[in-house]
Amino acid sequence: MTQTIAPQPGIMDISLYQGGASEVAGVENVVKLSSNENPLGPSDGAIKAFQQAAFKLHRYPSSDHAGLRHAIAEVHGLDADKIVCAAGSGDILNYLCQAYAGPGTEVIHTEHGFALYRIYALAAGATPVEVKERERVTDVDAILASCTDKTRLVFIANPNNPTGTMIGSAEIARLADGLPAQCLLVLDGAYAEYVEDYDAGAGLVDSRENVVMTRTFSKLYGLGGLRIGWGYAPKPVIDVLNRIRGPFNLSGAAIDAAQVAVRDRKYADHCRAENARWRHWMAEALAEIGVPSDVSCANFILARFASEDEAQNCDAYLQSQGLIVRQVGGYNLPNCLRITVGDEASCRRVVHAVRQFKGG
Ligand SMILES: *Cc1c(COP(=O)(O)O)cnc(C)c1O
């Protein structure tokens, strides 16, 4: 029998993740509104901490992230022993799949759910199961109806990307309570910081054994380039994740910058308020020119066009004007474009360009 070098089953079924574009050939002065980045950047304190870290580059970083975990715990009123940090919250999603899913098991994500859920499920050898949403909103009953004795993980983002919609705490609790005993509910809180007075499910983590919350410094904190995320989970789950993450999975610079960023509440509040203001303005202005969107709870809006053709043509026009937004056909939303809320000037440019495209 001939032996060949081959990856584990499932790996070659993975479609490569498509990041947001950042360039348009031949166009200068582009505005990137394709990756839900904070247009205001990180706080000054975080930048300073990062610069200071340059003098310690010969030192290995902390392997238990105690300083960062305690800063996060203090700011959010959580138990530092139930926090795990990683190089982006995407890594936590990956660890969860590696630890709890595998061949013969199923991982649920929703119709318009984040691409990494499927990618990491396949990477672990598990079978991703896609569940319908109800008019671009997570459908708890549909998820519960799709659970089997093979289901190990249910991933939902709340607010969700790319829809921007979210479901209420009572619905989330009903989902957690209805899952089969062997299944973990993973609440991806990448956009939780944009929602006022929202614990992103931390309370459910404290009161249940089957809920995990993931968070990131990539969005509101403006540190996507540095790769820092964290998870909040029951102790037994933390114990599992700590065994499979690399001991030095976060660089010293990332740890230092995140620690300062999370404590800078004034800057976080400022970024949240600016986002809410221009998100509202842009959504209203686009609706007035015939491009509606669901009320977004995040830092982007999902603009709906009459057809796939119109969405693609509008995207091409925006590109010609130096505005890069995101096509979301890969998320089963071919007639939509996801537009990150930029600063005031960028939002005005987008609305102006869409109005021109519409012939107004
Ligand atoms: C951006 C995003 C993340 C964050 O990814 P990081 O790895 O922390 O940069 C996670 N989930 C969703 C749904 C996102 O949109």
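The values are calculated or read from the model by the stated rules, or taken from the named source; none is laboratory data. What you are looking at is a predicted structure, and each value in this text was computed from that prediction instead of being measured. Here the Cβ is made from the backbone with ideal geometry for all residues, glycine too, and neighbour counts use every protein chain on show. The area values use the complete protein model at the heavy-atom level, side chains included, leaving out ligands, DNA and RNA. Shrake-Rupley method; radii C 1.70, N 1.55, O 1.52, S 1.80 Å.
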Query raised in the report: Could you count how many residues in the stretch 223-241 are within 8 Å of the ligand (Cβ to nearest atom) and either among the small types (Gly, Ala, Ser) or not in a loop (DSSP other than H, G, I, E, B) (or both)?
Result: 2
**Report entry** Residue selected from the stretch 4-47 under the condition under 17 Å from Arg227 (Cα atoms) and among the polar types (S, T, N, Q), by the criterion nearest to the ligand (Cβ to nearest atom)
**Finding:** Asn36
Query raised in the report: In the stretch 1-46, which residues are part of a helix (DSSP H, G or I) and open to solvent by less than 70 Å² (accessible area, probe 1.4 Å)?
Result: Ile11, Gly45, Ala46
Query raised in the report: Which is surrounded by 17 or more Cβ atoms within 10 Å (Cβ to Cβ) and under 30 Å from Pro128 (Cα atoms), of Ala86, Ala71?
Result: Ala86
Query - the stretch 227-259, residues that are under 12 Å from Ala86 (Cβ atoms) and charged (D, E, K, R) - result: Arg227, Arg245
Query raised in the report: Can you spot a residue in the stretch 14-36 that is out of contact with any His (no Cβ under 8 Å at 6 or more places or on another chain) and within 18 Å of Gly125 (Cβ to Cβ)?
Result: yes
**Report entry** Residue match in the stretch 211-222 (condition: more than 30 Å from Pro39 (Cβ to Cβ), part of a helix (DSSP H, G or I) and either at pLDDT 95 or above or open to solvent by 10 Å² or more (accessible area, probe 1.4 Å) (or both))
**Finding:** no
Requested in this report: Could you check, for the stretch 161-176, whether at least one of its residues is farther than 20 Å from Arg134 by Cα, assigned by TED's automatic domain parsing to the domain that holds Glu133 and more than 14 Å from the ligand (Cβ to nearest atom)?
Outcome: no
Report summary line: Residue hits (the stretch 306-333; of a type in the set (Phe, Trp, Tyr) and under 24 Å from the mean Cα position of the chain (by Cα)) are Tyr331
Requested in this report: Would you point out the residue of the stretch 161-188, among those that are in contact (Cβ under 8 Å) with a residue 60 or more places away in the chain and not hydroxyl-bearing (Ser, Thr, Tyr), that is most open to solvent (accessible area, probe 1.4 Å)?
Outcome: Met166
